[in-house]
Structure formats: structure tokens, C-alpha cells
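Report on the structure given below.
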Amino acid sequence: MRYVQLDTPKPISKIGLGTWQFGSKEWGYGPDYERRAAEIVRRALDLGVTLFDTAELYGFGRSERILGSALGDDRSKVVVASKIFPLLPVAPVVQQRAVASAARLGVDGIDLYQVHQANPVVADTTTMRGMRSLQDVGLVGEVGVSNYGLRRWRFAEAALGRRVLSNQVRYSMIDRGPEEDLIPYAEQAGRIVIAYSPLAQGFLSGRYDATNPPAGAVRRANPYFLPENLERGTALIATLREVADAHDATPSQIALAYVLRHPNVVAIPGASGVEQMERNAAAAEIDLTDDEYAALVAAAHAFHPVTGLAAVPRMVRARLGR
């Protein structure tokens, strides 16, 4: 495993484990899931993974409980990251919710506590006042944000009066917005971009095509999985496969290696089983050549999916089977 080269109390692995699926019925949570989740977490620890990301919103607290239980005595050795859902994120509420998350996780302190989404009404001034108080009493180590633009990320730092270590955003080969400003800022300022959905919910895995679309409700709600977009992605997936063959790897591993090539980026893909966790962790060791990276960039730029309002009527027709 490789780690981010920053001055943090605990090393942060380039591949972490995202636990949105822990406790979430839309991802197949059921009576046997807690056992499987524990197996995934224990294997991640064996592989050197140190970043485990959850949120109070995931499974309405179940994800935090499952993760904390699975980590057991290793909770103090890793970077446990959680997020507050920004419903009225004023200072007292931020403090109360952090206490509740820590209790569900079974930790004395949350290593990285993140604002899940920028609140359009409540300014970060009061939110960060609550975060600062949590840091002062030792309940929170580092503060992070999620889904913030660069301007608001920097404003949050000014409001906190300390570094806001990380910004967790959607970033993958086909969601490249962070490359414009967030990643350059992270590299210049010594911050971290945490890439969620680095495989575009499996679009980049090569498992799906126009004749074999995904069946799950979450993926079916993603316009990337429209038959037209799966067809348009054929050349991109072919390039991923070509690079993967050169490394005896999978398309998913190459897609992860693409985002990890940036030194201040870590990725937190989910894992439905131990084998997937192993493949994800192995991606941290893949070094893409300049030519391979250039080929991936070109293929990604050539992919033009139907998204936004234009995708809505197509998604309706797809749901109706027309």
C-alpha cells in the first residue's frame, strides 16, 4: 500500500474503503451483510488500508455502527472519517452530531470529520466554529468538507482558522472536474482530494454494456448507465482493457490508478466482498507510464455521455422498457 506524503498524525492510504453500502438497503444490506462487512474491513486492514470513510447519513447511522464494530481494537490505529449531514449545521448542532457519530463508531475521537455537503443557507462561519470547538476538546482531529467548490473550501479554511485537510468529491476518469482547480490547490497547499465514486459506480469496470445494463436501483438511477451511454463508452472501456492487459490488471484497477496518479488524491471505492477489496488495494501499486496516462486522458475526453436534462426522457423510457 502507498500513502499520502503529508504531515498527518496517522498515515493516510492512497486507497481507502468507502462504506456507503454498509447498512444501506439500496446496496443489498440484509441480515448477512454485517458479517460480510466485517470480513471486508478486516481484509482491508491486512492490506495496509488506513482510511475508512462513513457518514451519519449512510444507513441512518448503521454504517457507522457496523464500521466501528468491524474495526474493533484497531479503531485507534486507523483514520476513521465520518460526515455530518448539513441540516442546520450551526455550531451547537455540529457538536452534538459529532458526539453521536463518535458514540456509534465507538471512538474517543473522529480522526477526520467532514461536512457532507455545502449548505446553501447556513454559512460555514458558524459550522466551522463548531468544528473548531470539537478540535479544541480533542473530539475531532482533522476537519474536512465534501462536495465543495474551491472558493467555498478556502472560505471554510478561513472560517476555521486552520487547515481544512480534505475535500471529498466525485472524481473519476469521466468526472474530471476536480482536475481543473481542486487537485492543483491540494498539491499547492498540502491538502487532500478524496475521490468518491472513482469507478463511476462501476461504469469503468467494464462489467456492463448496452446489452448487459446493471440491475440495481442505485445504478439504474445513474444516467451513465443508459444504453446509449454504455454504447458511447465502448472505446473508453477498450482503452482501459488495453492498458490493463499491459499490467496484468483489471479495467477497474487502471481506472483507480488514473486518479491515484495525482500525489494528493486518495480514492475510497466501496467493496462488496473481500476479493474486490483486494483488487482495489492492489491498484495503489500500479504505475502508469506517461504514454498510458495520455491514452487514458484522450479516451476520457472523447467520451461524451448524455447527462443532465437531456438524459431525463431517456431514463424514463429506459425505466418503462421502451
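The values are calculated or read from the model by the stated rules, or taken from the named source; none is laboratory data. Keep in mind the model is a prediction, meaning the values are calculated, not measured. Positions of Cβ are backbone-derived with ideal geometry, glycine not excepted, and every protein chain shown enters the neighbour counts. These area figures cover heavy atoms from the full protein model, side chains too; ligands, DNA and RNA do not enter into them. Shrake-Rupley method; radii C 1.70, N 1.55, O 1.52, S 1.80 Å.
For Met173, the solvent-accessible surface computed with a 1.4 Å probe is close to 0 Å², ligands and nucleic acids excluded. Note on the chain: dipole from Cβ charges, positive end direction compared against Pro86, Leu51, Thr239; the farthest Cα belongs to Pro86.
Between segment 88-129 and segment 161-201, what is the C-alpha centre distance in whole Å? One Cα centre to the other: 20 Å. The distance between label points at Glu231 and Arg163 comes to 4.9 nm (points 7 Å beyond Cα on the Cα→Cβ vector). The DSSP beta bridges internal to segment 94-188 are antiparallel in roughly 10% of cases. Rounded, prolate or oblate: pick one for segment 42-166, where a ≥ b ≥ c are the square roots of the eigenvalues of its C-alpha gyration tensor, a/c under 1.5 means rounded, and failing that, prolate if a/b is larger than b/c, else oblate. Because a/c hits 1.5 or more and a/b exceeds b/c, segment 42-166 counts as prolate.
Name the residues of segment 239-259 whose amide N is less than 18 Å from a point 7 angstrom out from the Cα of Asp291 along the C-beta direction? Answer for this model: 239-249.
Near Ser13: Cβ cut-off under 13 Å, other residues only, Lys/Arg at +1 and Asp/Glu at -1. The net charge is 0. A full extension of the chain between Val90 and Ala189 corresponds to an added length of 32.9 nm, given 0.36 nm per residue minus the alpha carbon distance. Arg154 contributes an accessible area of around 130 Å² to the protein surface, as traced by a 1.4 Å probe with all chains present. Heavy-atom accessible area, probed at 1.4 angstrom with all protein chains present, ranks Arg152, Arg2 as Arg2, Arg152, highest first. Taking all protein chains into account, the per residue accessible area for segment 2-95 stands at 44 Å² (1.4 Å probe). Dipole orientation for the chain: of the candidates Ile268, Ile110, Ala255, Ile110 has the Cα lying most toward the positive pole (charges on Cβ; Lys, Arg +1; Asp, Glu -1).
For the chain, with only Lys/Arg (+1) and Asp/Glu (-1) charged at the beta-carbon, what is the dipole magnitude about the Cα centre, in debye rounded to 20? So the dipole magnitude of the chain works out to roughly 1180 debye. Across the protein chains, with a 1.4 Å probe defining accessible surface, the residues His116, His247, His301 rank His301, His247, His116 from largest area downward. Once you have a ≥ b ≥ c as the square roots of the Cα gyration tensor eigenvalues for segment 217-272, tell me rounded if a/c is under 1.5, and otherwise prolate or oblate according to whether a/b is larger than b/c. In terms of gyration-tensor shape, oblate. Applying 1/(1 + (r/R0)^6) with r as the Cβ-Cβ distance of Asp73 and Asp136 and R0 = 25 angstrom yields a FRET efficiency of 0.35. Kindly identify segment 258-302 as rounded, prolate or oblate by the Cα gyration tensor criterion: order the square roots of the eigenvalues as a ≥ b ≥ c, call it rounded if a/c is under 1.5, otherwise compare a/b with b/c, prolate if a/b is larger, else oblate. It comes out prolate by the Cα gyration axes.
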